[in-house]
Amino acid sequence: MAKAKGPTPQSQDFSAWYLDVIQMAELADYGPVRGTIVVRPYGYALWENIRATLDEMFKATGHQNAYFPLFIPMGFLQKEAQHVEGFSPELAVVTHAGGEELEEPLAVRPTSETIIGYMWSRWIRSWRDLPQLLNQWNNVVRWEMRTRPFLRTSEFLWQEGHTAHATKEEAEEETRRMLGVYVKFATEYAALPVISGLKTEKEKFAGAVYTTTMEAMMRDGRALQSGTSHFLGQNFAKAFDITFQDKDLEEKYVWTTSWGLSWRIIGGIIMTHGDDRGLIFPPKLAPIQVVIVPIYKSETRQEVLEAAATLQAELKAKGIRVHVDDRDQYTPGFKFNDWELKGVPFRIELGPRDVAAKTAVLASRLGGKETLPLGELAAQIPQKLEAFHQALYERARRFRDERTRVVDDYESFKEAVAEGFALAFHCGDIACEKTIQEETKATTRVIPFDAPEESGRCVRCGKPAAYGKRVVFARAY
RNA sequence: CGGGGCGUAGCGCAGCCUGGCAGCGCGCCUGCUUUGGGAGCAGGAUGUCGCAGGUUCAAAUCCUGCCGCCCCGACCA
């Protein structure tokens, strides 16, 4: 047997493992410009499934898609004080076009609150124009110092939802509803266990009144912010003069929200589920759910391929995304490893012996092989995919729970964040939070919605705790 | 931006110290034999040695400058 040719083992170098699997599984490659990536067909197919799933959920909650321009006048970004402060360091700005220097430089959108706000100020006249429930799938540019495929790239794909409402209550409800959509997507589709809640003042979106988030734990114990939903209050309404005449004849500012989920979630899927053999994709999003590997000699090639084609048709009829790997130049053993690297949940091995016995071998990416009658596969695989999803989710949840510690002293806190999440009290002071970050590299990730009410003292400075509950600290991506 | 590393075939690298035919492994192409956990043999193709300048009879190798990428830190979805 030849020596292993897989990715760098996770235990040896998690970061190298991550970069290896992305390249080897052909999800993405580096672009010629620093911090850019090319998403290859297999990776893009995953993104398309993510996008299709979320898009349907957005439409089901009453949103419509639209498209706003890539270029934003610099002046727009400067209208909201916190917003400009938050984003100006990472803006890409176009200063020349058409062979001339532009009179007003154009920002390449880092997000679209401002340009949508500008348009809303023109579109919204009366309470009858509300709510505005918009979403757009697009690319944005944020010039980051340090980049990493999917997790932090100069340009990334995402969706940004933007809504405007007549009342504060309605906007806050929308903020929570859309975070709920993300949580549902994470758990029911991506098999990612997440903790949802509020961001602290230090961590919130630049320009938001508050930010809600869902946080997941990667297999190296670090946290990944996987989707955020912001209540923007009237900050952008005031900056862009978005007003309406209400039923009571008063002229009022609208209340807005925004919410986004990016291809960063792909990084989350990779780092939550993957193992030393490569990726493991959650079945509902996997570009290929079942791969059939035919096994044949030249004299049995035709009959095996025919049996594979028949099986493929039966699975397709059940709505299963199935692929037959009929590449002649690779041996079955090579293909087994290749599809495991690519994270396909189930593999069906079909050889002459199986064809003769009218059976096939079903192998799960989570381990285990079983021999099943050919005629039963199509009927059984849907439930097996469902069970696979559940097992994947449970495995991730167990991992997270094992690496989450309740801590009340700073030494235990440091140990906890070195390997996972720490549930601790904090005084709520931004300076104290920054000190913790400097000393431990950990930041507050989320003030969980569902944490029990508790009072205590700040894990670092001992002052009375804010928030009325423990908060999650972790090193973050 | 600070610290470190690296640019030689598609990928990974050797060659550089001590200047003298540009190499190795993998991959790729052709053929035959193989095929139930990363096949074997034989034959073959592939280079702006990151870029520019300099020294020299001669530069991947020595000198100068530049560029790019990766890794580690501070900001971020």
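The H on the amide N of residue A:324, modeled in the peptide plane, is under 5 Å from the matching H of A:292, each at least 5 residues off or on a different chain. The alpha carbons of segment A:135-206 give a radius of gyration and a Dmax of 14.7, 40 Å, in that order. Each residue of segment A:397-410 is assigned a 3J(HN,Hα), and the resulting list reads 5, 4, 4, 4, 4, 5, 9, 10, 10, 7, 10, 10, 10, 5 Hz, derived from the Karplus form 6.51 cos²θ - 1.76 cosθ + 1.60 (θ = phi - 60°), x at Gly and Pro.
Three principal axis extents of segment A:227-287 based on alpha-carbon atoms, in descending order, are 64, 21, 14 Å.
Below 8 Å, C-alpha to C-alpha, sequence gap of six or more: please give me the relative contact order for chain A in percent.
That works out to 14 percent.
With the simple model of a label 7 Å out from the Cα in the direction of the Cβ, residue A:101 to residue A:23 spans 4.2 nm. With respect to chain A, whose longest principal axis is taken over its alpha-carbon atoms, helix A:168-188 is tilted by about 20°. Ranked for footprinting exposure by Cβ neighbours inside 10 Å, fewest first, A:182, A:30, A:296 give A:30, A:296, A:182. Once every Cα of segment A:290-384 carries one equal point scatterer and solvent is ignored, give the base-10 log of I(q)/I(0) from the Debye formula at q = 0.14, 0.21 Å⁻¹, two decimals. Scattering profile of segment A:290-384, log10 relative to I(0): -0.44, -1.05.
Would you work out the charge dipole size for chain A about its Cα centre, treating the Cβ of every Lys and Arg as +1 and the Cβ of every Asp and Glu as -1, and quote it to the nearest 20 debye?
Details: 60 positive and 65 negative charges, 190 e Å.
About 920 debye.
Across segment A:44-55, computed HN-Hα scalar couplings (Karplus, 6.51 cos²θ - 1.76 cosθ + 1.60, θ = phi - 60°) run 5, 4, 5, 4, 4, 5, 4, 5, 5, 5, 5, 4 Hz from first to last residue, x flagging Gly and Pro. For each pair in A:79/A:469; A:318/A:369; A:79/A:252; A:316/A:369; A:5/A:358, compute the distance between the two Cα atoms and list the pairs where it is over 24 Å. Pairs exceeding the cut-off: A:79/A:469; A:5/A:358.
Ignoring lysines fewer than eight residues from residue A:247 along the same chain, the ones with Cα atoms less than 22 angstrom from its Cα are A:168, A:238. Close amide H partners of residue A:197, meaning residues 5 or more places away or on another chain with modelled amide H under 5 Å apart, are A:213, A:449. Karplus-derived 3J(HN,Hα) values for segment A:110-119, using 6.51 cos²θ - 1.76 cosθ + 1.60 with θ = phi - 60°, are x, 4, 10, 3, 6, 6, 6, x, 4, 5 Hz; glycine and proline are entered as x. Where in segment A:452-477 does the label zone of residue A:146 land, with the point 7 angstrom along Cα→C-beta and an amide N cut-off under 14 Å? From segment A:452-477, the list is A:475-477. Using +1 at the C-beta of Lys and Arg and -1 at the C-beta of Asp and Glu, which of A:117, A:74, A:364 has the Cα lying farthest in the positive direction of the dipole of chain A? Towards the positive end, the residue furthest out is A:364. Put in order of Cβ neighbour count within 10 Å, fewest first, the listed residues A:146, A:264, A:109, A:321 become A:146, A:321, A:264, A:109.
Dimensions of chain A based on its C-alpha atoms, expressed as ranges along the principal axes with the largest first, amount to 81, 56, 48 Å.
Annotation: the residues A:155, A:370, sorted from fewest to most other C-beta atoms within 10 Å of their own C-beta, follow the order A:370, A:155. If you wrap the Cα atoms of segment A:1-153 in a convex hull and average its projected area over all directions, you get 14.3 nm². The eigenvalues of the Cα gyration tensor, multiplied by 5 and square-rooted, give segment A:31-262 an equivalent ellipsoid with semi-axes of 28, 24, 16 Å from largest to smallest. For residue A:275, the amide hydrogen comes within under 5 Å of the amide hydrogens of A:280, counting only partners 5 or more places away or on other chains and with H modelled in the peptide plane. Across segment A:31-262, the relative contact order, built from alpha-carbon pairs under 8 Å that are at least six residues apart, equals 21 percent.
So for segment A:405-474, Kirkwood radius off the Cα pairs, Stokes-Einstein at 4 °C and 1.567 mPa s: how many µm² s⁻¹? Can you show the working numbers first?
On the way: Rh = 11.5 Å.
Estimated diffusion coefficient is 112 µm²/s.
Kirkwood hydrodynamic radius computed over segment A:236-354 comes to 18.1 Å, based on all pairs of distinct alpha carbons.
Bear in mind these aren't lab numbers, they're just calculated from the coordinates by the rules spelled out. On a predicted model such as this, the values are computed, not experimentally measured, just so you know. FYI the Cβ positions are ideal-geometry reconstructions off the backbone, even for glycines, and counts take in every protein chain you see.
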